[in-house]
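Okay, so here's the structure we're looking at.
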Amino acid sequence: MPEFVKVMKTYDILPGEIKSFDVEGEVIAICHINGNFYAIKDECSHMAYPLSDGSLDGEIITCAWHGAKFNVKTGDVLSMPAVVPIETYQLKIEGENVYVLIEL
Ligand code: FES
């Protein structure tokens, strides 16, 4: 059954940054975009390299390895060489704590 698991504090990532966390065995990248936070699986759907090595431009993340682009809100693929969407996770903020909904 999915549960919200505390991952970090809101001040742990600056706006425009991405950080990777091991959450109960799931490697999740959290992206900070103008005060909003989005959680994605930290694995590119092209060749499984970490997306947290990439860069953010608004809500678009670009994989550092071969340049695929994804929307971090929806997981949609925006650019080759990836063709499969990435997994996104529901996230909630309580006070300064950030939680991600994962299957335990
Ligand atoms: S591993 Fe991300 S584009 Fe190839």
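Since every read-out is calculated from the coordinates, none of them should be taken as a lab result. Not measured: the values here are computed from a predicted model. Every residue, glycine as well, gets a Cβ built from its backbone with ideal geometry; the counts of neighbours run over all protein chains shown.
Observations on the model:
- Net dipole in debye of the chain [+1 Lys, Arg Cβ; -1 Asp, Glu Cβ; about Cα centre; nearest 20]: 220
- Whether segment 2-103 is rounded, prolate or oblate, judged on the alpha carbon gyration tensor where a/c under 1.5 counts as rounded: prolate
- Straight-distance candidates among the aspartates and glutamates for linking to Lys92, with alpha-carbon spacing under 12 Å and chain neighbours fewer than 8 residues away dropped: Glu3.
- Sequence-separation-based contact order of segment 2-103, relative, with Cα cut under 8 Å and 6+ spacing, percent: 29
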